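Okay, so here's the structure we're looking at.
The values are calculated or read from the model by the stated rules, or taken from the named source; none is laboratory data. Just so you know, these numbers come straight off a predicted model, no measurement behind them. Reconstructed Cβ throughout: ideal geometry from the backbone, glycine too, with neighbour counts over all protein chains shown. Surface areas here come from the heavy atoms of the whole protein model, side chains and all, with no ligands, DNA or RNA. Shrake-Rupley method; radii C 1.70, N 1.55, O 1.52, S 1.80 Å.
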Amino acid sequence: MGELTFEDFKKNVSMQKVLEDAGYHFNRRDGLKYPSFVRVDSDGRRIRGDKYILTANGLCCFQPPIQKRYNVISFIQEHPEMFADYKPGMNKNRLVNLVCSRLMNQPVTQTEYDIKEARSTLVFEESNYEMLHYDVGNWDVRKKFYGFFKDRGLDLKTQAAFAEHFFLATSIGREDGKRFSNLAFPYHIPAGDGKMVGMEERGRPGNNPKPYKGKAAGTNSIEGLWIANLSGKPLEKAERVFWFESAYDGMARFQICRDKGEATDGVYVSTGGNPTIKQFEGMIAACPDAVHYLGFDKDRAGQIYCCNFAMIKAGREFSSYPMKNGTVVFVDKTGGYDRHEFAPDVFSYENFRERFGLEENKVVCYPAPDGYKDWNEPLMPKKQEATEQRGPVAEGQGEAEETEEVRDSYGFRR
C-alpha cells in the first residue's frame, strides 16, 4: 500500500476504534441509538463527565454538553496526550499518522522526523543580541541587573555565584531602531559543542500585572537547557544535578540552602517549563553517576514531570497524561501495553515509584519546602510595590540607583 493520507484514515478508521485506543469503553446503558463511550477508574467504575457520543454514522463524536464535533483526525490532534504514540513536542500530523496507521495494521517507517519537525524553523543567532555580562567588581554594571532580581528576593551573593550563567541580552538590528533588553539564561545541549542554542528570557518589573516570560526566537527547547555547573567538576563527574522549571527557581534553591548552611554544590538545570524527553535523556547521559534531585513545581504537572523522569531514568518506554477528573494515567510500553491509573487522592511520587518498582534509580523528588509551590516563592515579598511587566523594557529604563536602600535590601555593601 502506498503512503496513506488523511482521507484514507477518515474512510478506514472508525471513531469507535480511536476512542477505544484512547482508553474509552462502550457504555451499554445508553443504548445503541446514540452510542456513547466513557472512561472507567481503576475499580471499573464510570468516571462521570468524561463521555463521548458517536454521530454521523460513527464518523464523528462530541462530548456533551459541548456540541463541537470531532472526526478521527481532529480528535487525535486535539487530545494527543490520550495516545500511547505521543511524545512531548511531537508534530500532531505525525501523531495522526502513527495512531491511524497502527489501527489499520499498516507499519510506519521510523525516522527522526519527530525531532526535526518539532523544532522551530527559526535558528537562534547570537549575533542578533548585545550581551552585558554580570561583573561582580563593578557596581555600575551590577545595578543594571537590580530590577530583575529584587522582587525575586535573590541577593547579590546569589547573583555572584551564578554570574557566568546569565546576562542582559539587548536585541539589535530592529527596523524601527529600538533596543530592548531582557535578563537571559543561556541554553546549551549537554553533549553539544558548547554553542549557545537559545535563551530563557525574563522581563524587568514594570507597571503591568504579569511578568514577561519567554524564550528567544529560534531557541532549541527540545534538547537545550539552562545548565549552571557549580559542582567544581566536569559535567560527566558531577555527583548532584538539581532540576527546575525555571532558572529563577534554581537560584532560589541555592540561596535558601546557603542560608541554612546546607550544601549548595551541584549542577543546576532549568527546562524552561514543560520538560521534554530529549532534555531528560541528554542530562542523564551527560552525568551518568549523578543523583538527580527533581525540584519541579509542587502541583500536578510537577508531579507528572518527576514521574516521567523516573521512567526515563529506568529505561522504560511509556506515555503519560492527566484526565479531566484528576486521574493520572501512565502506560508502560516496555513489555507490552501495561496501563496504570492513579486516582487524584492517591497519586504521589512515592506511590508511583512503588507501583513501578523504581526505588533504586538515583532519583529524588525535591519539591519546594514549607508548602510553597516552587522554590522562588519563599523568597518573594508578600506585597510587591512594583509588579512585573509583560514584554521587554527599553534599554536604560528602570535601572537602580546606587543608594543605601538598594545596597541594604540585598544585605551587601561595597
Restricting to lysines and to Cα separations under 16 Å from Lys333, and discarding same-chain partners fewer than 8 apart, the set is Lys87, Lys313
Largest-first ranking of Arg29, Arg152 by accessible area, probe 1.4 Å, whole protein assembly kept, is Arg29, Arg152
Heavy-atom accessible area of Trp375, protein chains in place, probe 1.4 angstrom, given in Å² to nearest 10, is 10 Å²
When every protein chain stays in place and a 1.4 Å probe is rolled, Lys51, Lys215 sorted by accessible area with the largest first are Lys215, Lys51
Restricted to pairs 8 or more residues apart or on different chains, the lysines in region 138-284 with C-alpha atoms under 19 Å apart form a number of pairs equal to 10
FRET efficiency for Val136 and Glu350 from the Cβ-Cβ distance with R0 = 56 Å, rounded to 0.05, comes out at 0.85
Rounded to whole angstrom, the alpha-carbon centroid of region 187-205 lies from that of region 125-148 at a distance of 16 Å
Two pseudo-spin positions, 7 Å from Cα along C-beta at Ala343 and at Phe26, lie apart in nanometres by 2.8 nm
With 0.36 nm assigned to each residue of separation and the Cα-Cα distance removed, Asn91 to Lys260 gains 56.3 nm
Given a 1.4 Å probe, the accessible area of region 270-386 per residue, as a whole number of Å², is 46 Å²
With all protein chains in place and a 1.4 Å probe, Arg353 shows an accessible area in Å² (nearest 10) of 30 Å²
